[in-house]
Amino acid sequence: MLFSDLALSRRLEAAEGYACAQFALARRRLFPESGSEALRVAGADVVYDGPDAPTTQTFGLGMLEEATPEALDRIEQFFAARGAPVQHEVSPFAGVTTLELLCGRGYRPIEISSVLYREIGAELGEEALPARAAGKAAHIRVRAIGREEAELWTEISARGWTHEHPELEEFMRQTGKTLAEREGSVCFLAEADGEAGAAGALMIHEGVALLAGAATVPELRRRGLQLALLEARLLYAREHGCDLAMFVSEPGSNSQRNAERQGFRIAYTRVKWKKLEAAGS
């Protein structure tokens, strides 16, 4: 059994940091005017993908190296030069010293998230996950797409994410296109009776498979597409050398409950910290 500890947290935080950094760099290639950028400071991934983007923050602060005032000076200058808020997604394994440093510099907590994980073992054989999904719904097919299907994948992803929030359509279409072009990213489509209805992404980093970006179009929900999509991505990850899968969600959400039903466990609860603006600024 793999226990939740500093070593596990380092792997999980590094995987998400790498994924978000590669996302920003992919957006810069596709949309040079975005100004997206990523760098590493004191072992942390520092990502800018627009002033309001959820990925504009740091990942892994205090995990591989000690968070120092000098490192934070550099990080804060990076974001300030781009007109973005300074935010850090911090694992509890970063320790009290990191939290004390943030508090002393005027940061406050603004968000919490659950980081979930599961081991990927031999139970994911050819007769296991996809077969189990097919046994429930033989009409479902999941596949990793090629670049020629990136536009279709983006369309399905955008439709799934923006049904309740149509004002986000342009943002999600750009996000979908960027995910499809991200270095190291694999995109999957799930079909019901030959009709594409769900999209999801997988990012692999040093044996960790980060599951993200899953969405189903409204008319094909509750048909088993999400379960099949999850299982196919796990099998793909095992076949490509991963021993661990991770998933991040809002605490207590339906997404978290669904992940726990599929064998994921909560590794830890993470806090996002934001630097308060100085009075009068």
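For segment 19-36, what are the residues that are in a helix (DSSP H, G or I) and in contact (Cβ under 8 Å) with a residue 40 or more places away in the chain?
19, 22, 23, 25, 26, 27, 29, 30
Does segment 196-226 hold any residues that are among the charged types (D, E, K, R) and under 23 Å from residue 248 (Cβ atoms), and which are they?
Across segment 196-226, the qualifying residues are 206, 221.
If I filter segment 29-48 down to residues being touching a Ser or Thr at 6+ places or on another chain (Cβ under 8 Å) and at pLDDT 95 or above, which single residue comes out as farthest from residue 180 (Cα to Cα)? Looking at the filtered set, the residue picked out is 42. In segment 66-91, which residues are aliphatic (A, V, I, L, M) and free of Cβ contacts under 8 Å to residues at least 40 places away in the same chain? Hits for segment 66-91 are 67, 71, 72, 75, 80, 81, 84. Only a single criterion out of (1) in a helix (DSSP H, G or I); (2) modelled with pLDDT of 95 or more; (3) touching a helix residue (DSSP H, G or I) at 6+ places or on another chain (Cβ under 7 Å) is not satisfied by residue 169, namely (2). Residues in segment 236-252 that are in a helix (DSSP H, G or I) and not charged (D, E, K, R) were compared, and the one that is surrounded by the most Cβ atoms within 10 Å (Cβ to Cβ) is 237. Within segment 189-236, the set of residues being touching a Leu at 6+ places or on another chain (Cβ under 6 Å) and among the acidic types (Asp, Glu) comprises 231 only.
Report yes if some residue within segment 162-174 is polar (S, T, N, Q) and without any contact (Cβ under 8 Å) to a residue 12 or more places away in the chain; otherwise report no. Yes, segment 162-174 has at least one match.
Could we say that residue 183 is part of a helix (DSSP H, G or I) and acidic (Asp, Glu) here? So residue 183 does not fit the description; no.
How many residues are in contact with a helix residue (DSSP H, G or I) (Cβ under 7 Å, 6 or more places away or on another chain) and outside any helix (DSSP H, G or I) when one looks only at segment 1-18? Looking only at that region, the number is 1.
Check whether at least one residue in segment 154-168 is surrounded by fewer than 21 Cβ atoms within 10 Å (Cβ to Cβ) and in contact with a strand residue (DSSP E or B) (Cβ under 7 Å, 6 or more places away or on another chain), and report yes or no.
There is no residue in segment 154-168 that is surrounded by fewer than 21 Cβ atoms within 10 Å (Cβ to Cβ) and in contact with a strand residue (DSSP E or B) (Cβ under 7 Å, 6 or more places away or on another chain).
Given the structure, is residue 66 out of contact with any Leu (no Cβ under 7 Å at 6 or more places or on another chain), assigned to a loop (DSSP other than H, G, I, E, B) and not small (Gly, Ala, Ser)? So residue 66 passes the test.
Of the residues making up segment 39-50, one or more are surrounded by 22 or more Cβ atoms within 10 Å (Cβ to Cβ) and assigned to a loop (DSSP other than H, G, I, E, B). Taken over segment 224-281, the criterion of being of a type in the set (Gly, Ala, Ser) and farther than 20 Å from residue 214 by Cβ is satisfied by 241, 278, 279, 280, 281. Scanning segment 53-63 for residues that are touching a residue at least 24 places away in the same chain (Cβ under 8 Å) and either among the β-branched types (Val, Ile, Thr) or in a loop (DSSP other than H, G, I, E, B) (or both) yields 55, 56, 58, 60, 61, 62, 63.
Scanning segment 189-235 for residues that are assigned to a strand (DSSP E or B), surrounded by fewer than 19 Cβ atoms within 10 Å (Cβ to Cβ) and in contact (Cβ under 8 Å) with a residue 60 or more places away in the chain yields one hit, 212. Of the residues making up segment 1-28, those that are crowded, with 23+ Cβ neighbours inside 10 Å and of a type in the set (A, V, I, L, M, F, W, C) are 12, 15, 19, 20, 21, 23, 24. For segment 172-193, a residue qualifies if it is at pLDDT 80 or above and farther than 21 Å from residue 235 by Cα, and the qualifying residues are 178, 193.
The values are calculated or read from the model by the stated rules, or taken from the named source; none is laboratory data. Model, not experiment: these values are computed from the prediction. Note that we place each Cβ from the backbone using ideal geometry, even for glycine, and neighbour counts take in every protein chain shown.
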